[in-house]
1. Report whether or not residue A:106 is charged (D, E, K, R), closer than 22 Å to residue A:82 by Cα, modelled with pLDDT of 95 or more and more than 14 Å from the chain's Cα centre (by Cα).
2. Within the stretch A:37-54, can you find the residues that are buried (at least 16 other Cβ atoms within 10 Å of the Cβ) and not in a loop (DSSP other than H, G, I, E, B)?
3. Looking only at the stretch A:170-185, which residues are out of contact with any strand residue (DSSP E or B) (no Cβ under 9 Å at 6 or more places or on another chain) and surrounded by 12 or more Cβ atoms within 10 Å (Cβ to Cβ)?
4. Which of the residues that make up the stretch A:5-32 are within 13 Å of residue A:89 (Cα to Cα) and not small (Gly, Ala, Ser)?
5. For residue A:103, which of the numbered conditions (1) touching a residue at least 60 places away in the same chain (Cβ under 8 Å); (2) under 23 Å from residue A:185 (Cα atoms) fails to hold?
6. Looking at the stretch A:128-174, which of the residues that are touching a residue at least 60 places away in the same chain (Cβ under 8 Å) and in contact with a helix residue (DSSP H, G or I) (Cβ under 7 Å, 6 or more places away or on another chain) is farthest from DNA strand B (Cβ to nearest atom)?
7. Collect the residues in the stretch A:29-84 that are more than 21 Å from residue A:148 (Cβ to Cβ), polar (S, T, N, Q) and within 18 Å of the chain's Cα centre (by Cα), keeping them in residue-number order.
8. For the condition in a loop (DSSP other than H, G, I, E, B), modelled with pLDDT of 95 or more, closer than 20 Å to residue A:159 by Cα and not basic (Lys, Arg), what is the one hit in A:16, A:32, A:100?
Amino acid sequence: MNAHTVIVLDFETTGLSPDNGDRAIEIGAVKLVNGVITERFQELMDPGRPINYFIEDYTGITNQMLSSAAPCGEVMARFADFIQGHNLVAHNASFDKRFLDSELQRISADYDGDFACSLLLSRRLYQDAPNHKLGTLVNYKNIESNGSFHRALYDSEMTAKLWLVMLNDIEQQTSVSDVPFSLIQRLSKMPKKNIDTFLAKL
DNA sequence: TGCCAGGCCCTCTTTAGGGCCTT
């Protein structure tokens with residue numbers, strides 16, 4: 001596991017729950033190496049059945065676009081190779097992890113990274129933010145954006161930028177110069193009220 | 001046909017309920 005590399009990923013899906021039969025329709029991801037995006041991954045995938053109007057409207061991904069896409073299994077096999085050996089980051093990671101686990105299980109593939117969640121971290125670092133939706137946090141931290149949210153690659157890039165801002169803010173508050181992934185995971189589970197005290201001791 | 005999540009986190013809590021996030 002390369003400690004200085006993470007994959008920031010985002011799924012677009014047919015709905016909220018793979019346990020209810022929902023499938024992935026797009027995966028987007030960026031590879032962050034020492035704080036720089038070095039690779040991108042973006043593919044639509046055909047879930048094998050039509051998506052509803054809400055999803056077409058929400059994502060801008062249409063049934064016509066998916067009709068020419070490769071099946072989920074083909075895309076996810078390529079994605080499994082892309083993430084091999086790296087830790088993973090997503091905004092509300094529990095959501096993306098459920099779909100990653102579900103889609104990879106269907107093709108008997110696996111991955112070896114751990115997840116960290118930018119939503120859980122932001123709730124601790126930015127307790128005064130209006131809310132902790134990805135788009136709100138991007139505005140709150142003055143991250144440059146053209147507003148094209150709800151597509152997988154764009155959201156993964158914005159999550160990556162937010163991630164780097166959060167790492168930088170942690171470094172500014174502490175004497176830590178290269179924030180370990182394990183520290184992020186620990187911070188993300190800590191009671192919110194303890195965060196400032198904890199960071200002050202680092 | 002009709003149903004429709006799950007984890008986190010707060011509080012008027014723990015024998016529970018509801019808002020926040022993700023599509």
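The values are calculated or read from the model by the stated rules, or taken from the named source; none is laboratory data. None of these values were measured; they are calculated from a predicted model. A quick note on method: Cβ atoms are made from the backbone with ideal geometry, for glycine too, and the neighbour counts reach across all protein chains shown.
1. Numbers: charged (D, E, K, R): yes; closer than 22 Å to residue A:82 by Cα: yes; modelled with pLDDT of 95 or more: yes; more than 14 Å from the chain's Cα centre (by Cα): yes.
Answer is yes for this residue.
2. If the condition is that a residue be buried (at least 16 other Cβ atoms within 10 Å of the Cβ) and not in a loop (DSSP other than H, G, I, E, B), then A:41, A:42, A:43, A:44, A:46 are the ones that fit.
3. A:170, A:171, A:173, A:174, A:176, A:179, A:182, A:183
4. First, pick out the residues of the stretch A:5-32 that are within 13 Å of residue A:89 (Cα to Cα): A:5-11, A:28-32.
Within the stretch A:5-32, A:5, A:6, A:7, A:8, A:9, A:10, A:11, A:30, A:31, A:32 qualify.
5. (2)
6. A:163
7. Hits for the stretch A:29-84 are A:34, A:38, A:84.
8. A:16
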